[in-house]
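Trainee: Following this message is one structure expressed as structure tokens.
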Amino acid sequence: MTRSDGSDRVDRVDAPVVLEHVTVKYGRHEALRDVSVEFPNGAIGLLGPNGAGKSTLIKTLLGLLPPANGRMRVLGCDVNESPLAVRARVGYVPESDAHIPGMTAVSFVAYCGELAGLPRANAMQRAHEVLFYVGLGEARYRNVETYSTGMKQRIKLAQALVHDPELLFLDEPTNGMDPKGRDEMLALVRDIATTKGITLILSSHLLPDVEFACDHVVVLHKGAVAAQGPIAALKRASGRVFELRVKGDEPRFAEAVRAEGLECHGEAGDVMRVYVPEDRSSQLLFQLAARHDVQVRHLRASVPSLEDVFARALGEEA
Amino acid sequence: MPIRDQGYQRYRGDRMQRGRAWWVIARTGIIERLHRRRFLALLLFAWSPFVVHAVQLYLGATIVRAAFLAATEDTFHTFLTQQRLFVFFITIYAGAGLIASDRQSNALQIYLSKPITRHDYIGGKMLTLAIFLVAVTWVPAMMLLLLQFLFSGSLEFFLSHPRLVPAITLASMLQVALAVMTMVALSSLSRSRRFAAMLYAGLVIFAAALERVLETATGSPAWILISPQNTLLLVTDAIFGEPPEKAALLALAVAALAGVLAACALVLERRVRAVDVVA
């Protein structure tokens, strides 16, 4: 695979990642259950609670875990048949702290570039460039083992970018970062997807991170796809959301709301979030309150958030 | 003067053919170890028997009264046997952390997320250690052979010992292969290079001691097979054409060494993975 000027880069396909009926098992446990989904170009959030199968999905797409069933195509390549061709064109930021021991940052990133197929001199040059890009330019001659958690997250991004991938997998890239570092990391992620033209899949359980950096989202729950689509469209599909606080028998009222076919999330004593479909009126909430002898103390139309999408997809109390 | 953009640039340079990652891994490992002064000192010290033997060959070839020092096949056999001590220390120093350190810092998922296979990774790690071991076994042995030619000024010694070069090569490679496979396999079992070093030292020393005890207690020479190092010694004796004390065990010894190497390969196959699956 010799590429002299990047001109023979494969044209961007509409869906760089396609999964068809993919099942992945750890022994008897099914980590992914018959997953069929297409990831479009751009920044795609992979959401789900812990154990939903996000990391498993990424590792399977990298060819590190063999699926029990199903087919996967990444950038037009079949992952089962040619995992090396896939890995040559993608970058991976692992969830856990990972580095190669005993190396300075620039040596580490250059080494990763060489492993990915760059000539030695080019890998070293790219390492310097990428380290400046991720904000580690001044610290590039320090041993990676002396880095803070935030710096380690950045260097994981640098090693994933050094060979200029067409697709980037980021597994919880803001783990352990302070708020400022987290904002900077998310800004980098957004920049990579929007101005550098690299498709990225951002796995996270932090909804604000995904909402900030991504346009599309795939929600995984218990190894299956619970929801997918553009974030804006998913929010619209939520109908109207009302924040509601009542005085009286809250649990009974919540039950009554649910009995009317409305979704109600929230714990007793807290603000409830009630999802009212487009064809229903908020007046219904007052009627229910009157019927069950509770006072409505607070009712406010709320902007649907990704959290609402997430909660509805998972069908759990949020 | 243009201001250099330090933002992210798309890469438009060449890319190498796949399949060279093992060499990248080996080269990096070798350079990293050569930067350690203590290791360099150990490597240099490992050449001290070579110096002694070189002087011996010089005296044997040039001074008539020292003809008893002249080279024989046994000179080279003895040299390789002496180098076992250095092979042991270099294996521990350069080999214990080969995979254990990577496991400790979760580097395996970095390596295996690149376009390289597990065999590239294992091959690169093995080559790192093998190069150093070859440098203290086969290389000095062949240099001694060369010195013998230079000091004697004739090919007579070569012509009268035609199997010496293959014997040195085979014995060295067996010694290196056993050390490399065992150490790398043990290194893959742990996340601590110290623990891997202790496992290797324990295997070599404990097995040899146990063999002595059992042989003394039972009088059976077959216990040699529980010590890979002594089994190797028996096979090396046979390679150099010396009648082994335990000739009847030779076939079993070869089978035992093959078994050890196969077990190491199996361990590596199971342990070197980007994802540890605990079913």
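Trainee: Tell me which residues, restricted to segment A:148-166, are more than 12 Å from every other protein chain (Cβ to nearest Cβ), in contact (Cβ under 8 Å) with a residue 12 or more places away in the chain and either in contact with a Leu (Cβ under 6 Å, 6 or more places away or on another chain) or outside any helix (DSSP H, G or I) (or both).
Mentor: Matches in segment A:148-166: A:ARG154 only.
Trainee: For residues that are buried (at least 19 other Cβ atoms within 10 Å of the Cβ), outside any helix (DSSP H, G or I) and not polar (S, T, N, Q), tally how many sit in segment B:116-153.
Mentor: 1
Trainee: Restricting attention to segment A:114-128, and to residues there that are surrounded by fewer than 22 Cβ atoms within 10 Å (Cβ to Cβ) and in a helix (DSSP H, G or I), which single residue is nearest to the other protein chains (Cβ to nearest Cβ)?
Mentor: Selected residue: A:ASN122.
Trainee: What are the residues in segment B:38-62 that are open to solvent by 80 Å² or more (accessible area, probe 1.4 Å) and of a type outside the set (Phe, Trp, Tyr), if any?
Mentor: Hits for segment B:38-62 are B:ARG38, B:LEU44, B:VAL51, B:VAL52.
Trainee: Output yes when any residue across segment A:185-206 is under 15 Å from A:SER305 (Cα atoms) and not in a strand (DSSP E or B), and no when none is.
Mentor: For segment A:185-206, residues under 15 Å from A:SER305 (Cα atoms) and not in a strand (DSSP E or B): present.
Trainee: Return the only residue of A:TYR92, A:TYR133, A:TYR111 being facing chain B (nearest Cβ under 10 Å), open to solvent by 20 Å² or more (accessible area, probe 1.4 Å), aromatic (Phe, Trp, Tyr) and closer than 16 Å to A:ILE155 by Cα.
Mentor: Going through A:TYR92, A:TYR133, A:TYR111 in turn, just one is facing chain B (nearest Cβ under 10 Å), open to solvent by 20 Å² or more (accessible area, probe 1.4 Å), aromatic (Phe, Trp, Tyr) and closer than 16 Å to A:ILE155 by Cα: A:TYR133.
Trainee: Out of all the residues in segment A:56-78, is one or more at the interface with chain B (Cβ under 10 Å from one of its Cβ atoms), of a type in the set (S, T, N, Q), under 28 Å from A:THR149 (Cα atoms) and without any contact (Cβ under 8 Å) to a residue 12 or more places away in the chain?
Mentor: Within segment A:56-78 (the criterion being at the interface with chain B (Cβ under 10 Å from one of its Cβ atoms), of a type in the set (S, T, N, Q), under 28 Å from A:THR149 (Cα atoms) and without any contact (Cβ under 8 Å) to a residue 12 or more places away in the chain), the answer is no, since none of the residues qualifies.
Every residue, every condition in (1) closer than 30 Å to A:THR194 by Cα; (2) within 14 Å of chain A (Cβ to nearest Cβ), yes or no:
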{"position": "B:TYR11", "(1), (2)": "yes, yes"}
{"position": "B:ALA26", "(1), (2)": "no, yes"}
{"position": "B:VAL52", "(1), (2)": "no, no"}
{"position": "B:LEU57", "(1), (2)": "no, no"}
{"position": "B:THR72", "(1), (2)": "no, no"}
{"position": "B:THR78", "(1), (2)": "no, no"}
{"position": "B:ILE92", "(1), (2)": "no, no"}
{"position": "B:ARG103", "(1), (2)": "no, yes"}
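Trainee: Further question: Could you grab me the full set of residues in segment A:53-64 that are open to solvent by 10 Å² or more (accessible area, probe 1.4 Å) and either among the aromatic types (Phe, Trp, Tyr) or under 12 Å from B:LEU112 (Cα atoms) (or both)?
Mentor: Answer for segment A:53-64, where residues must be open to solvent by 10 Å² or more (accessible area, probe 1.4 Å) and either among the aromatic types (Phe, Trp, Tyr) or under 12 Å from B:LEU112 (Cα atoms) (or both): A:LYS59, A:GLY63, A:LEU64.
Trainee: Tell me whether segment A:69-83 contains one or more residues that are open to solvent by 10 Å² or more (accessible area, probe 1.4 Å), farther than 30 Å from A:GLY137 by Cα, aliphatic (A, V, I, L, M) and not in a loop (DSSP other than H, G, I, E, B).
Mentor: So far as segment A:69-83 goes, no, none of its residues is open to solvent by 10 Å² or more (accessible area, probe 1.4 Å), farther than 30 Å from A:GLY137 by Cα, aliphatic (A, V, I, L, M) and not in a loop (DSSP other than H, G, I, E, B).
Trainee: Which of the residues spanning segment A:95-107 are open to solvent by less than 10 Å² (accessible area, probe 1.4 Å), under 23 Å from B:TYR11 (Cα atoms) and not β-branched (Val, Ile, Thr)?
Mentor: A:ALA105
Trainee: I'm checking my understanding of the structure. Among residues of segment B:236-252 that are open to solvent by less than 50 Å² (accessible area, probe 1.4 Å) and touching a Pro at 6+ places or on another chain (Cβ under 8 Å), which one is nearest to B:PHE79 (Cα to Cα)?
Mentor: B:ASP237
Trainee: Within segment B:80-110, count every residue that is assigned to a helix (DSSP H, G or I) and without any contact (Cβ under 8 Å) to a residue 40 or more places away in the chain.
Mentor: Result for segment B:80-110: 5.
The values are calculated or read from the model by the stated rules, or taken from the named source; none is laboratory data. Note that the structure is predicted; figures quoted are calculated from it, not measured. Glycine also receives a Cβ, built like all others from the backbone with ideal geometry; neighbour counts cover every protein chain displayed. In case anyone asks, the SASA skips ligands and DNA or RNA and just uses the protein heavy atoms, side chains included. Shrake-Rupley method; radii C 1.70, N 1.55, O 1.52, S 1.80 Å.
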